[in-house]
Amino acid sequence: MNPILMLGAVLGLLAVGGGALAEHLLLPGLDELGIRRIDVALQYHHFGALGVTAVGLALLAVQAARTRRHLAWAGGLLAVGTMLFSFTIYLGAGSGVGVPGWLTPLGGLMQMGGWIMLVWAGWRARPVKVANEVA
């Protein structure tokens, strides 16, 4: 089981479903600022879902424990950051419920941390030596 890959897929599913929900139910009743906020949240949600999915796929191919650890951190930070960033915007713009103002930027910082960890994982990764096959 690869929980990060599964989480990336669920985030992608929610991004597509959230986009459809926003288009048909939320956007008609929102002002221009609300529409822009939902649009930004959806963009970051999609990018975050793709990032988490890519990290999950990379975990299938990587054997080195250190690189796997860096990738797991990257996937976790991207996933939690995406949920905090996008979902707090959805909640605030879509329902009018007050969301603590620090949650959305915290989510953005966590997303950035996830991308930094992914850079670090790539920087520290060592190529796998493949033995020459004799035909």
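Any read-out appearing in this document is the output of simple, stated calculations on the displayed coordinates, not a laboratory observation. Worth saying up front: this structure is predicted, and the values here are computed from it rather than measured. Note that each Cβ is placed from the backbone with ideal geometry, even for glycine, and that neighbours are counted across all protein chains shown.
Annotation note: Cβ proximity below 8 Å between a residue of segment 101-126 that is of a type in the set (D, E, K, R) and a residue that is exposed (fewer than 13 other Cβ atoms within 10 Å of the Cβ) and part of a helix (DSSP H, G or I) (sequence gap 6+ or interchain) occurs for Arg124/Arg66.
Filtering segment 27-74 to residues that are farther than 18 Å from Phe85 by Cα, part of a helix (DSSP H, G or I) and touching a residue at least 12 places away in the same chain (Cβ under 8 Å) leaves Ala54, Val55, Gly56, Leu57, Ala58, Leu59, Leu60, Arg66, Thr67, His70, Leu71, Ala72. Looking at segment 80-96, can you tell me whether even one residue there is within 19 Å of Ala9 (Cβ to Cβ), loosely packed, with under 13 Cβ neighbours inside 10 Å and free of Cβ contacts under 8 Å to residues at least 12 places away in the same chain? Looking through segment 80-96, none of the residues is within 19 Å of Ala9 (Cβ to Cβ), loosely packed, with under 13 Cβ neighbours inside 10 Å and free of Cβ contacts under 8 Å to residues at least 12 places away in the same chain. Take Leu109 and decide whether it is assigned to a helix (DSSP H, G or I), of a type in the set (A, V, I, L, M), surrounded by fewer than 17 Cβ atoms within 10 Å (Cβ to Cβ) and in contact with a helix residue (DSSP H, G or I) (Cβ under 8 Å, 6 or more places away or on another chain). In short, yes.
Specify which of the listed residues (Thr53, Thr67, Thr104, Thr88) is touching a Lys or Arg at 6+ places or on another chain (Cβ under 9 Å) and polar (S, T, N, Q). The conditions single out Thr67.
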